[in-house]
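The values are calculated or read from the model by the stated rules, or taken from the named source; none is laboratory data. Computed from a predicted structure; not experimentally measured. In this analysis, Cβ positions are derived from the backbone assuming ideal geometry, glycine residues included, and neighbour counts consider all displayed protein chains. Heads up: the accessible areas ignore ligands, DNA and RNA and are worked out on the full protein's heavy atoms, side chains in. Shrake-Rupley method; radii C 1.70, N 1.55, O 1.52, S 1.80 Å.
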Amino acid sequence: MRRHLVLFLRLPRLGGGKRRLAHDIGDVAAVGFERRMIALLLRRLAGDRRWRLRLAVTPDRAAREARRWRHGVVVVGQGGGDLGRRMREALAACPPGPVVLVGADIPGLDAGHVFAAFRLLGRHDLVFGPAADGGFWLLGARRRPRLPPLFAQVRWSSRFALADSLRGLPPGCSVGFVDRLEDVDDGDAWRRLNPRRGF
């Protein structure tokens, strides 16, 4: 079965993106960071033949604009609901085969991280990429026989997001972990990563 990689993102717009980051570094700098990250991740991940890339964007009406970013990449809207519901729907909407979902705010992310997650899905039902702030930057699902229940009572945007997600999994669900990476949600993370990577 074909592997699927979902890049899960918000269309970069002034006043509509990463609010904590924009509060710390300004709206223009935050939107610039988001745009550069999307371009970087498309360069790093879209051409890899080991998976088929799709973009899951919000708001849904942004799908038309996002289709111009990279020829041949499937673009879908995320739909409604909280973050967990939208991620679960993005995983479930993929054609048959294992799927990995990543955010668009992880400067250290490369194809090697994604492939490591797919390899772990050969032995586990789910794979998480822990983030330095207590959340997660990657979620992979084998989806055989089906996607397990996910994200019951998760405190999103908190240091408890990964722990809550793991606590809500059904008994017997096998979980693997890839490398811990840092996502950029605020000015402190942006300043730590910016000097080295030019974001």
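Computed values, structure above
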| item | result |
| --- | --- |
| Residue that is modelled with the highest pLDDT [pool: residues in the range 30-48 that are charged (D, E, K, R) and in contact with a strand residue (DSSP E or B) (Cβ under 9 Å, 6 or more places away or on another chain)] | ASP48 |
| Inter-residue pairs, beta-carbon under 9 Å, first under 29 Å from PHE118 (Cβ atoms) and in the range 3-17, second open to solvent by 10 Å² or more (accessible area, probe 1.4 Å) and among the hydroxyl-bearing types (Ser, Thr, Tyr), 6+ apart | PHE8/THR58; LEU9/THR58; ARG10/THR58; LEU11/THR58 |
| Test for ARG155: is it closer than 30 Å to ARG191 by Cβ and open to solvent by 60 Å² or more (accessible area, probe 1.4 Å) | yes |
| Inter-residue pairs, beta-carbon under 6 Å, first under 24 Å from LEU121 (Cα atoms) and in the range 39-67, second among the β-branched types (Val, Ile, Thr) and surrounded by 20 or more Cβ atoms within 10 Å (Cβ to Cβ), 6+ apart | ARG54/VAL6; ALA56/VAL6 |
| Criterion (open to solvent by 40 Å² or more (accessible area, probe 1.4 Å) and either within 21 Å of ARG52 (Cβ to Cβ) or among the charged types (D, E, K, R) (or both)) met by exactly one of ASP186, ASP125, ASP164 | ASP186 |
| Elements of type helices (runs of 4 or more DSSP H) in the range 85-199, at least 3 residues being closer than 26 Å to LYS18 by Cβ and at pLDDT below 90 | 187-197 |
